[in-house]
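The values are calculated or read from the model by the stated rules, or taken from the named source; none is laboratory data. Please read all numbers here as calculations on a predicted model, not as lab measurements. Reconstructed Cβ throughout: ideal geometry from the backbone, glycine too, with neighbour counts over all protein chains shown.
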Amino acid sequence: MRQVHALRVDLQDGLHGRNVGAAVRRLRRVLAVDGVMLADLDGPVVAHGARPNDEEIEGVLFQVFEYGGGARTRLSDGTSVCAVPLHVADELAGALVATGEPVETDVEAAAALVSDSLDHAALRRARDRIAAADLRTLRAQISPHFMHNSLAVIAALVRTDPDRARQLLSDFADYLRYGFSDKGDYATVADELEATQTYLELQRARFHDRLDITVRMAPEVLPVAVPFLVVQPIVENAIRHGLERKEGRGHISVSGFGEGPLCVIEIEDDGVGMHPELARALLAGTGPEARSVGLANVDQRLRAVYGPEYGLMIETALGEGTKVTVRVPRFAPGVVVR
C-alpha cells in the first residue's frame, strides 16, 4: 500500500512535467519487471530498464492503438510483453508497456493510476489556461472607472494641496505598476495587501476622507502565495456597491489569518448591502450591475486554481453591509511566486 501511494505521488508530480523519469522508475520497481515504457499515440515518451527490439514493440503498440485493447505477447528473444491502453477524458491517449515477466492485473492497475494522473495533469493545465485568461481580462478591467476617478481627484488637488496631489500621483503610479506587472500569475498576501492599501488611499481622497479603513493581517499569512489581484477587486466591489451609495462616513476592513491549513482573507464593509440575488448575479458575472466588476473574475480564478470548493463566500443583506470571505490553502501545488 505504501508503494502504491508513493507511486501515485511520483506520477502526479512526474506527469505534470517535473520528473517523468522518476515516475517511470518507480513504476518499474512496483511492477518488478525488466523494463517499462510510456508511449503516446506518436511513439515512445520515456522508458526505463531493458528494451526489446523496437520493431516488435511497435507491432505491439499498433495492436493496442488500432483495436483499443490490451496486448500480451512473447517476443523473438523470449521476452514477455504486456501493453495496456491509457485513457484521458475517456479518449485513447497512449499505452503502458511492461517487459520481463509482468503480471497482467498489476500492469492494468498501474495503467489506471497513470491514466488518472494524466487526467489530473490535463485538468491542471486547463485550469492554468483559464486562470491566465481570466487574469488578462481582469487587468483590462482595471482602467476606466478607477483611473478616471483617481486622476480627477489628483487634478482637483493640484492647486489646493499640491503636496497631497504629488503623493497620490505616486500612489497611482505604484498601483498601476503592480496591476500591470508581468512577474507571474501569483503574488504573496503581503504584496496584495500593499497594493490594496495604495488603492484604498486613493479612494479615501476621492471620498474626501469620509472613508475609514482598518487593515489587520496575521504575520503567518503574509508570505502565502495567492492568485494575483484577488483582494483589490473585492475591495473595489465593496466601495462601488456598498459605500458609494451610503450617506455619511463608511468603514471597510481587510483582515487575514490562518485557519489550520487555510489562509482566510475577509473584506467587510458597513455600506448599504445588497439583495442576495444581486450578490449571486455578481458572482455569476451577469446583469447590468456586474459589468466591469471583478468579483466574478476572482471567484472563477480561485475555483480554477484550487478547485470548485474554494470560491468566494458572500454574506450580505439590504442595509446590513457586505462581507466577502476568501479561503485558500496555504500551500498548493504550482501556486508559487516567481
- Item | Subset of the range 214-273 (residues that are closer than 16 Å to ALA195 by Cα, of a type outside the set (A, V, I, L, M) and at pLDDT below 90) | PRO227, PHE228, GLN232, PRO233, GLU236, ASN237
- Item | Residues (of a type outside the set (D, E, K, R) and under 25 Å from ARG330 (Cβ atoms)) located in the range 158-193 | TYR178, GLY179, SER181, GLY184, TYR186, ALA187, THR188, VAL189, ALA190, LEU193
- Message: Looking for something under 14 Å from ILE252 (Cβ atoms), touching a strand residue (DSSP E or B) at 6+ places or on another chain (Cβ under 9 Å) and part of a strand (DSSP E or B) - is there at least one such residue anywhere in the range 191-212?
- Response: yes
- Scanning the range 209-262 residue by residue, the ones that are crowded, with 16+ Cβ neighbours inside 10 Å, in contact with a Phe, Trp or Tyr (Cβ under 9 Å, 6 or more places away or on another chain) and within 21 Å of LEU318 (Cα to Cα) total 5
- Query: Can you pull out the residues in the range 159-190 that are among the basic types (Lys, Arg) and either under 27 Å from GLY242 (Cβ atoms) or not in a helix (DSSP H, G or I) (or both)?
  - Reply: ARG164, LYS183
- Of all residues in the range 155-169, which are surrounded by 12 or more Cβ atoms within 10 Å (Cβ to Cβ) and either within 16 Å of VAL231 (Cα to Cα) or without any contact (Cβ under 8 Å) to a residue 24 or more places away in the chain (or both)? ALA156, VAL158, ASP161, ALA165, ARG166, GLN167, LEU169
